[in-house]
Structures are given as structure tokens and as C-alpha cells.
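The values are calculated or read from the model by the stated rules, or taken from the named source; none is laboratory data. Note that the structure is a prediction, hence the values are computed from the model and not measured. As a convention, Cβ positions derive from the backbone with ideal geometry for all residues, glycine included, and neighbour counts pool all protein chains shown. Note: accessible area is taken over every heavy atom of the protein model, side chains too, but ligands, DNA and RNA are not part of it. Shrake-Rupley method; radii C 1.70, N 1.55, O 1.52, S 1.80 Å.
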There are 2 protein chains.
Amino acid sequence: MTKPSSTDRPNPLQVACSSCNLRELCLPVGFSGSELERLDGMVATRRSVKRGDALFRSGDAFEAVYAVRTGFFKTQVSSEDGRDQVTGFQMAGELLGLDGIVSDHHTCDAVALEDSQVCVIPYAELEALSREFGELQRQFHKIMSREIVRDQGVMLLLGSMRAEERLAAFLLNLTQRLQARGFSPTSLVLRMTREEIGTYLGLKLETVSRCFSRFQEDGVLEVKLKHIRILDLAALRKMVNSPC
Amino acid sequence: MTKPSSTDRPNPLQVACSSCNLRELCLPVGFSGSELERLDGMVATRRSVKRGDALFRSGDAFEAVYAVRTGFFKTQVSSEDGRDQVTGFQMAGELLGLDGIVSDHHTCDAVALEDSQVCVIPYAELEALSREFGELQRQFHKIMSREIVRDQGVMLLLGSMRAEERLAAFLLNLTQRLQARGFSPTSLVLRMTREEIGTYLGLKLETVSRCFSRFQEDGVLEVKLKHIRILDLAALRKMVNSPC
DNA sequence: CGAGCGTTTGACCGGACTCAACGCATGTGG
DNA sequence: CCACATGCGTTGAGTCCGGTCAAACGCTCG
């Protein structure tokens, strides 16, 4: 390895929120033209992360938050004895790294599940700009609050749902977010393994696999390894709301 | 009931962060005298909440965040079919209501487990003041980030721990927070029922009760209903880090 | 084409849940 | 002050869902 890491490629082209097609999903939601230009100065750099590589790891110094531009990430925390828990999956337009603010160090790993690219948002600059720019402040607070609400939902899932309900809720959440990005609401390609799904849902990979098989038997899904097609959306929705 | 609700008692006395004995645990951590005075203007009112009453409920309009001054709360979310999940327990100095920022409405219930009192921090004022006052901004971001990190820990617990480990982790977390408030690190009074503990830990109340009994048999705890004494702290710690 | 990883499926096991009964503490009203 | 009601907690017996262990299959990619 004599080449510099893949993570510091400069890529000066189009590092600008104002010309980014994700601006309706990302930090600058609802910003006007002049405001967007001020963001462009803050989001100065991109960073590429190869599949399997970490954007940051637990213990790393916290310097910036990251907006996913392309690709797909998982975040995970580990207990002292080695067990780990996937705490979320992040796709284009979603923010990574908010966990690091409290202690100046990250408390989870963010790992790319496919070759990805993120916008680097230095936290000091985000703080400064949002102090003089109320709309940015408000938007940033909303993003942190959204993360807290999302976590509440995951706790509900982990604490009170059965295996099939968890998987159904997971698939519905994924497709909903994909749909907001212009993808089909009924067909998706999983970027993560059965084990990663299981570690997210508090299940073993065999249980995840069996649930997929049962969904297929019941005509709810068509499952071809990572390719999933939802055949009966209503049934899937019903599983989440009314168990059994 | 002709008297006004207990929640709008004015209590003008000592509504001031600068003279609050919780300022080292609460929002104004690390603030100097002059800065504290500026906070005093923001935290204008108190609110009393009787045991069993809600500070806010899911769906309520979001207007303020709340700092617990005295007492004890639980927060809980409900699924559409009525199951609910306790997402946390809050004691003096901890903030409630951050979930409401994203949608202008609260997404969980906050219920007092004993007669309590909170400081009302209008969100609009918090936003404005933290814009011109960097230390407050930073502190508020840290509090939101801490909440996100805490949620990661709960996910790890719910997703990967066995019943006894969950209860051990819960007790260690409680005593640690109580110790930071000057209480004994080995003796505590639970403010919540077995069912509330279970709903927090993703267990049924019978399982919680059985775990308490087993801990007592093993000489790890002394359990007298809500009164818990930790007899073997090392054993409790060991249960969390290395299962079985 | 072969190695290795991811996935599926089966058989069995066990920890947590369910259902049920009972005990105990608290508080209320006679 | 006691009788009673009620809510909370404990304990037991039996069940079942998901975990564990194991084997085989089939992509994917050198």
C-alpha cells in the first residue's frame, strides 16, 4: 500500500450543496439560493470510503459530521465482551457522526456497505455558521431530534416485537426511505447481509433467513438472496400493526 | 376539582439556574456567573407534575424542553396496537422533550413516577439565546448527542443481552446516576414497578421479578420490594461484561 | 474452476413467556 | 381499629419462539 488511502481524494468537482441533488433530503432542506451558497463554504471536502472500510471508528476523535452522498453505511456499537449491535443503516442524504459531539470522540463505528462518498461537515464550522444563521441551526436540531425519535422506534421494535414483526417493520422502513429517494416502493436490493440485519433487529441470522422464507411461502415477498420484491404490501403493514 | 391543575403553580421563588444546586448536572454545566444570569431569563417558569400525571403526551404540541428539578419520570412510546415501550427514566438535572423538535409535536409520553417539578425552557428562547451564546449552543448539542449515545446503549442491551445482564446493566446505570447526585452507590429505592422495568428492558414483569430473586439467592443483591442493596458490585459488573 | 463466504434448512434445546395462584403492603371506609 | 379491596410482587408449571449446532447448497470472485 504505497498509495494514499482512498479516503483523502480531493475531488473538487461539485462540492456544493447548491448543486447537489440531495439538498431536499439532506441538511439544507428548505434553504433558498443565497442561503445555500453559505453552506457551500462549510462543506468543503468530500471523502470516499471503500466497501468494508470505516468512515470512523469508536474512539476516533470527533471533528466533523458526514452527509452520505452516495452509497450505504451501517453504524454499530460493541460491548466490552465483543458482542456488537448494528444501530442503524444510513443512505444518501442522511447524517453520520452525531454521536461524537458529547465526548469529542465517536462512540460507534460507521462502516461502508458499498463504495460510498460522504460530504465532510467540520463540526466547528457547522456550529459557527448555525449561530449566525437560524435556519441552519433549526435544521440541525431537527436532524438530531429525528435521530432520537428514530432510536425510540428501534427500542420499541427491539423491546416488544416478535421476529416476523421486526423484519416486516425493517423492510417497510427501508422501502419508505428508498421511495423518498426515487426508488421503487416494492422492490429493493439489500446492501447488508442476513447477519447484519439480524444484529440490527436483535435476531440471529438463521432466524432472519427463516422469516424471509416464511414470508415467501406466504406470498408476501419474493426473495432472491439480496433481491426482495414486496408482493403483498398490505399484509406486511398488517404484521407490524397487529401481531400474530 | 375546582382548583386549577397542579401543573400551573407559579412558584416564583428561586426560578434561577444561578442559584440551583443542579447547575453542575443540568443545562448550564460549566457556565460562569454572568452567563448563568442570562439563562435565568430564559428559564422563567416551573411546573409541578403529580405522580402518575403526564408532563406531555405523544401528539402534544412541542413548545419547550424540560429540566427535571425534583422527582422522577419515565418516557414511553406506544405502537399502534397498544403495546408500549419505556424508553428511559429521567432524574434530577436531566432533560425531557427533545423528541418534539423534529415535528413540532412530541412523539412519546413523559409520566411522573413521583410528585415532581420541572423547569420549563421555551424552545424558541433556547434557540435564540444559544445563537448569540456559543457555550449554551455547545452544551445543548452535547445533551442531544448524549441522548443519542444513550439510546445506542439501550439498543445494545435490548438487542444482545440476556435477561440477567439487562437487569444488571440497568441497576448499574441507575446507581451510577444516583451516585453523581450524591446518593449511595450501593443502596437505592426503585421509583418504578417491576412492569415498568420490564417494559424498559424488553422483558415481562415475571422475568424481572425472577431475576431479582436469583440475584438475591446468589448474594449479589438484597431485595426488599423497591428497596435494593447491592452486596456484590463486582459480580454485578461482571455480569454485564462477560455473560453467564 | 475452485475457494470462501453467505444463505438456507433441519433437529434439538433452552430461556423467556404465558397462565395461574398466592402473598404482602398500602390505603380506605365502616 | 379492623375488614376489606386493590395493586404490586413472587413463585410455579407448562409452552413456545428463537437460539444453537450442524450440514449442505449456491453465489461471487479471484
| query | At a Förster distance of 25 Å, what's the computed FRET efficiency of residue A:233 paired with residue A:162, Cβ-Cβ distance as r, to 0.05? | reply | 0.80
| remark: Gyration tensor (Cα only) of region A:161-241 to equivalent ellipsoid, semi-axes in Å sorted down, yields 17, 14, 13
| request: Within a 10 angstrom radius of each residue's Cβ in A:99-112, how many Cβ atoms of other chains show up on average? Whole number is fine. | output: 3
| Helix B:205-217 sits at what angle to the longest principal axis of chain B, using alpha carbons and giving 0 to 90 degrees rounded to 10? | 60 degrees
| What percent of all Cα-Cα pairs in region A:103-210 falls in each 5 Å bin, counting up from 0? | 2, 9, 13, 18, 20, 16, 11, 7, 3, 1, 0
| task | Report the charge-dipole magnitude of the protein assembly as shown in Debye, nearest 20, computed about the Cα centre from +1 at each Lys and Arg Cβ and -1 at each Asp and Glu Cβ. | result | 840 debye
| List B:166, A:23, ordered by accessible area with a 1.4 Å probe, largest first | A:23, B:166
| Label point 7 Å beyond Cα along the C-beta direction, distances from residue A:182 to other copies (nm, shortest first) | 6.0
| query | Taking a point 7 angstrom from the Cα of residue B:70 along the C-beta vector, which residues in region B:181-195 have backbone N less than 18 Å away? | reply | B:181-183, B:189, B:191
| residue B:241 to residue B:226: extension gain in nm, 0.36 nm per residue of separation minus the Cα-Cα distance? | 2.9 nm
| remark: Expressed in Å to one decimal, the Kirkwood Rh of the protein assembly as shown from all distinct alpha-carbon pairs is 24.1 Å
| task | Would you mind finding the longest exposed-site-free stretch of chain A, with exposed GluC sites (Glu not before Pro) meaning DSSP loop and at most 16 other Cβ atoms within 10 Å? | result | A:81-244
| message | Cut-off 19 Å, label point 7 angstrom out along Cα-to-Cβ of residue A:80: give me the residues of region B:213-244 whose amide nitrogen falls inside. | response | B:220-221, B:230-244
| request: Collect residues whose amide H, placed 1.01 Å from N in the peptide plane, falls under 5 Å from the amide H of residue A:56; neighbours closer than 5 in sequence don't count. | output: A:110
| query | In debye, nearest 20: dipole of chain B around its Cα centre with unit charges on the Cβ of K, R (+) and D, E (-)? | reply | 780 debye
| request: Considering the options B:78, B:219, B:148, tell which one lies farthest towards the positive end of the dipole of region B:75-233, charges being +1 on Lys and Arg and -1 on Asp and Glu at the Cβ, about the Cα centre. | output: B:219
| query | Relative to the longest principal Cα axis of chain A, at what angle does helix A:123-132 sit, 0 to 90 degrees, rounded to 10? | reply | 70 degrees
| query | Which value, in debye to the nearest 20, describes the size of the charge dipole of region B:22-101 about its Cα centre when Lys and Arg Cβ atoms bear +1, Asp and Glu Cβ atoms bear -1, and nothing else is charged? | reply | 340 debye
| remark: Between the Cα axis of helix A:33-42 and the main Cα principal axis of chain A, the angle (0 to 90°, nearest 10) is 90 degrees
| request: Go from 0 up to the bin containing the longest alpha carbon distance in region A:1-157, width 5 Å each, and give me the % of pairs per bin. | output: 2, 9, 17, 22, 21, 15, 8, 3, 1, 0, 0
